[in-house]
Amino acid sequence: MSRMMEGEGPTALIGAYEPGPGPGGLRALLPLAGMSVVEHQARRAIEAGAARILLLIDEGPGELLEAVARLRHDGIQTGMAQGIDQVADALAQDEVVLLIAEACLPEVGLLRAITAAHVPVLAVLPDIADHAQFERIDAEQRWAGVALLDGHRIAETAAMIGAWDPVSTLLRRAVQENAGRIDAVRAPILTTDAAALAAAEQSILAGARKPADDLIGRVLFAPTEELALPLLLARKMEANVVAGAGALLALAGGALSLTGWRWLPLIGLLLSGLAAAGAARLGRIRQRSRFQERMFGWVRLGGAGLGVAGLARLLAGTTGQWGWWLVGGLLIAALLGLWAERRLSPVKPPIWLASVDTAIWTMLPFAALGHWDWGFAAVAAYAAGSFAWVEAIKVREAHSAP
């Protein structure tokens, strides 16, 4: 029984041996959006359902070993095989193999379509001038750089050819076997030169652009991300580091608020939102697990809650009115309810609804004018009104349902 039949995804076999101008002298190691090309290929394969990664190499330069270490650090099972003979030894006879050509960056949707097909199958493109870089397989079509094979075919090919051009030989054999063909909706990017790398990076950045759920995200965070992203990528900043910094700012701000500070806590909470938005964009670009990012998001919520409690305590102490504690409790309850609605509701809420970051930034103009009490009351009313609107919509929909 094959691994695919047992419910396990295929092994992604990715070429990483052709010389190029990049680090380590390999095309696979060319830098792209803060990572190497082969790391992007591997992460896309995993997202498409591959169970593990196997790199077909000639030599293992230090830069390639570092890329493998980063993949393994993120929980991606990654190995290397020096030559097609070692690849054959590393695969079971009935193991399904997702073959990705070197420096070929296909869309995840194409990889999923190939993975769901029956062995053998090829991704193809029409034979037109725009696709001249792709290998021609007949008079009408070219190979799109992705195929689904199995360990048996790879072992037989290794026995026949040895070290001679393994990927092209596997391709020709699949064509001779009348392998199934799946049309690629869009041609994969072949990251072979500076222009192609620039196009690939723009595509990756655009693909990671996600409309924010709230108003402050659309108006402020999104343009700030665009400005900060090149710097973060150039410095190879990890999303979890940026998210952790945002959580720390929020937590420190909340703690300072409890001691009677006003401006420092507010500044920390303001900056924490920017950091969290940047971390989310980095995480989407690098296709990494967002568990730690979500964990830091919960820490940010805790910091914001401490900030609310601290300001309620300060206003109650300076005015002698305990009602500020009720205002603070109302604000926390409303924001928690809205936070849960945004994550649990299948319907996307309107962006004008209050959120944690919108509430924090709404406080800024009031604080600048010295009216912390007015701002606190206004933000609480905004959050409570938003939550009441959501609940009213839910009640109306429940009554109108058949």
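Brief remarks on what is shown
- Where residue 75 falls short, out of the listed (1) open to solvent by 40 Å² or more (accessible area, probe 1.4 Å); (2) closer than 26 Å to residue 204 by Cα; (3) part of a helix (DSSP H, G or I): (3)
- One residue stands out in segment 129-141 among those that are outside any loop (DSSP other than H, G, I, E, B) and either farther than 9 Å from residue 187 by Cβ or hydrophobic (A, V, I, L, M, F, W, C) (or both): the one that is most open to solvent (accessible area, probe 1.4 Å), namely 136.
- Considering residues of segment 267-276 that are surrounded by fewer than 22 Cβ atoms within 10 Å (Cβ to Cβ) and touching a residue at least 40 places away in the same chain (Cβ under 8 Å) only, the residue nearest to residue 237 (Cα to Cα): 274
- Qualifying residue in segment 32-54 (condition: open to solvent by 50 Å² or more (accessible area, probe 1.4 Å), assigned to a strand (DSSP E or B) and not hydroxyl-bearing (Ser, Thr, Tyr)): no
- The set of residues in segment 193-224 that are in contact (Cβ under 8 Å) with a residue 24 or more places away in the chain and part of a loop (DSSP other than H, G, I, E, B) comprises 208, 209, 210, 212, 213, 214.
- Subset of segment 142-167 (residues that are free of Cβ contacts under 8 Å to residues at least 40 places away in the same chain, part of a loop (DSSP other than H, G, I, E, B) and not hydrophobic (A, V, I, L, M, F, W, C)): 165
- Candidate set: segment 82-102, residues that are small (Gly, Ala, Ser) and in contact with a strand residue (DSSP E or B) (Cβ under 6 Å, 6 or more places away or on another chain); chosen: the one least open to solvent (accessible area, probe 1.4 Å): 101
- Residue pairs whose Cβ atoms lie under 9 Å apart, sitting 6 or more positions apart in sequence or on different chains, and linking a residue in segment 61-77 that is more than 14 Å from residue 15 (Cα to Cα) to a partner that is open to solvent by 40 Å² or more (accessible area, probe 1.4 Å) and assigned to a loop (DSSP other than H, G, I, E, B), are 71/77; 74/288; 74/289; 75/289.
- Residue list for segment 117-128, filter: open to solvent by 40 Å² or more (accessible area, probe 1.4 Å) and touching a residue at least 60 places away in the same chain (Cβ under 8 Å): 118
The values are calculated or read from the model by the stated rules, or taken from the named source; none is laboratory data. Quick caveat: nothing in here was measured; it's all calculated off a predicted structure. A quick note on method: Cβ atoms are made from the backbone with ideal geometry, for glycine too, and the neighbour counts reach across all protein chains shown. Quick note on the areas: whole protein, heavy atoms, side chains included, nothing else; ligands and nucleic acids left out. Shrake-Rupley method; radii C 1.70, N 1.55, O 1.52, S 1.80 Å.
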